[in-house]
Structures are given as C-alpha cells and as structure tokens.
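Some notes on the structure that comes next.
Nothing in this text is a laboratory measurement; each read-out follows from the coordinates by a stated rule. Predicted model only: the values in this text are computed from it and were never measured. Here the Cβ positions follow ideal geometry from the backbone for every residue, glycine too, while neighbour counts run over all protein chains shown.
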Amino acid sequence: MSSPPFVVCIPAAGSGSRMDSGIPKQYLPLAGKPVLAHTLSMFDGMESCETIIIATDDKRRLDHLLAEYPLRKDCFIVQGGDVRQKSVANMLAMCTDDEAIVLIHDAARPCILPELILAVVHAVEESGAALLALPVRDTVKATDGRYVTQTLDRNTIRLAQTPQGARAGIFRNAFAEADRDGFTGTDDVALLERLGIPVRVVDGLPSNLKITTPADLFLAEQILLRHGRS
Ligand code: CTP
Ligand code: MG
C-alpha cells in the first residue's frame with residue numbers, strides 16, 4: 001500500500017512507575033533488544049516515514065541505544081516534559097510544516113504493525129485526524145465506584161491506542177489551546193476533540209498493547225515471536 005509521507009513523534013520520557021523495574025520500561029530488554037529499539041525499528045523500516053522525533057529525559061541512555069541500534073531516517077531528539085502531554089508538545093514544536101502528517105506513537109507500544117500505521121496515515125490524509133482504537137469485547141459497566149450505574153453500549157465504545165495522527169498545524173494549535181486552558185488529556189486526540197475537530201477511528205488490535213506492568217513484557221515477547229520480529 002503506497003502512503004503519503006509522515007513524521008512520527010515517539011514520547012519516550014516516562015519513568016515507568018507502574019513497571020516498578022529500576023530502569024524505565026522503554027529500555028527494558030524484550031526479545032533480544034530494548035523495547036524502544038523495537039518501536040523505532042518498525043517506523044525506521046517504513047518507506048513513507050520521513051522523520052523520527054523522540055522525546056527523552058535521559059539523553060545519554062537514548063544516545064547509547066541509538067549507537068547500538070542506528071536509524072536510517074532523519075532523527076531529532078527533544079527534551080521530555082514532566083507529563084506526557086508536555087513531551088509531545090516539545091516534539092510538535094519541531095514540526096514546523098503545518099501540512100505535514102504527524103503521528104504520535106508511544107515508545108511503550110513495540111508490537112505495532114506497519115499495516116496499522118499506514119491505516120492511520122491514510123485516515124489522517126482523508127479526514128484530517130485519526131487514531132487507532134480497539135473494539136471492546138467485554139460488556140462495559142459505568143459505576144459510582146461501588147455499584148453499577150449503567151450498562152454502556154459496547155458497540156459505541158473503543159479503547160484508545162496509538163498511533164494517533166493529524167496535520168502538524170492542527171496538532172500544534174490544539175496543544176497550545178490546551179496549554180492556555182490548563183487542560184490535560186489522557187491521549188493526544190482528546191485535545192482535538194475538545195475543539196470540535198472530527199477524529200476518525202481506525203480499528204486497532206489487542207496485540208498493540210502498551211507495556212505497563214511486568215506481565216505485559218511476557219505477552220509482548222510472545223506477540224513479537226509470532227510476528228517474526230525477535
Ligand atoms: N511519556 C513521556 N513523557 C512523560 C510521561 C510518559 O514521553 N512525562 C511516554 C512514556 O515513555 C511512554 C508513553 O509516554 O512511552 C506512554 O506513557 P505511559 O505508558 O504512561 O508510560 P510511563 O509514564 O513511563 O509509565 P507510568 O505511567 O507507569 O509511570
Ligand atoms: Mg504515565
């Protein structure tokens with residue numbers, strides 16, 4: 001599938017507190033190389049990926065990783081922020097071509113597949129903004145913390161994954177507005193939604209998990225093996 005060119009921003013400046021592992025989860029070994037090296041190599045291998053921007057709070061560790069797993073694409077490294085949204089804002093500041101298609105993809109999602117990335121790029125090209133999101137298998141309950149308040153229609157619900165994408169100018173403006181309003185979202189396209197910008201949904205896969213706890217590393221290893229990537 002041919003695809004328009006795109007830039008990818010990889011937030012990799014988190015501390016991985018829920019992993020509880022001494023070193024941040026993006027640097028933990030997974031099927032022979034660090035989590036982040038898997039994530040980067042997936043984008044680095046795609047013809048239409050033109051530039052890779054990485055946010056880090058540990059430049060020395062990242063430089064070391066890039067020396068061991070060099071990238072072929074143009075790569076820029078920016079300072080991470082204390083929250084993910086700030087890390088992403090710092091990367092978007094590098095995307096000065098308003099029309100460029102920008103994807104944001106968590107360093108901690110190493111099992112992403114090129115066909116999913118391309119599906120998001122195409123949806124951004126067609127509709128302006130898009131995300132990968134997982135259909136829900138279980139029945140979904142709203143609660144007050146103790147009792148069920150409602151059973152939601154799971155057909156209308158999706159679990160947000162990454163990549164999430166939009167044109168650079170739209171993303172930069174939405175992040176600036178959020179900053180002005182003191183709004184913090186739990187994902188990137190939430191900052192577009194609050195401005196009324198339509199966001200297309202592309203079905204994600206359970207295998208595109210975000211490594212969050214130690215059990216996820218084991219799962220991710222099985223997935224990478226199955227994808228033939230270890
Ligand atoms: N991230 C970032 N800057 C931050 C926080 C998070 O760049 N200040 C990145 C992480 O490195 C990760 C992605 O955003 O690749 C998704 O965040 P999350 O899974 O929450 O990672 P952490 O914040 O590192 O983990 P935790 O919430 O368990 O501390
Ligand atoms: Mg976090």
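Quick notes
- At an R0 of 30 angstrom, the distance between the Cβ atoms of SER48 and ALA215 translates into a FRET efficiency of 0.30.
- Here's the list of lysines a cross-link from LYS25 could span, going by alpha-carbon distance under 17 Å and ignoring same-chain residues fewer than 8 apart: LYS33, LYS59, LYS210.
- A simple charge model with +1 on the Cβ of Lys and Arg, -1 on the Cβ of Asp and Glu and nothing else charged puts the dipole of the stretch 175-230 at about 260 debye relative to its Cα centre.
- Nearest-0.05 FRET efficiency for GLN150 and ASP98, computed from C-beta distance (R0 41 Å): 0.50
- Counted by Cβ distance under 9 Å from ILE52, the other residues give a net charge of -2, where Lys and Arg count +1 and Asp and Glu count -1.
- Gained length - GLU115 relative to ASP63, 0.36 nm times residue gap less alpha-carbon distance: 15.9 nm
- Shape call, the stretch 88-230: gyration tensor on alpha carbons, a/c limit 1.5: oblate
- Remark: spin-label model distance SER21-THR184 equals 2.4 nm, labels positioned 7 Å along the Cα→Cβ axis.
- Approximate spin-label separation CYS75-GLN222, in nm, with each point projected 7 Å along Cα-to-Cβ: 3.1
- Global geometry of the stretch 2-41, whether rounded, prolate or oblate, following the gyration tensor of its Cα atoms and the 1.5 cut on a/c: oblate
- Normalised convex hull volume, the stretch 102-148, alpha-carbon set, Å³ per residue: 152
- Each of HIS38, HIS64 has some number of other Cβ atoms within 10 Å of its Cβ, and from fewest to most they run HIS64, HIS38.
- A simple spin-label model places pseudo-atoms 7 Å from Cα toward Cβ; at SER41 and ALA176 they are separated by 3.9 nm.
- Kirkwood hydrodynamic radius (C-alpha pairs) into Stokes-Einstein, the stretch 16-170, 37 °C and 0.692 mPa s, D in µm²/s: 189
- Global dimensions of the stretch 1-81 from alpha-carbon coordinates: Rg and Dmax equal 13.0, 42 Å.
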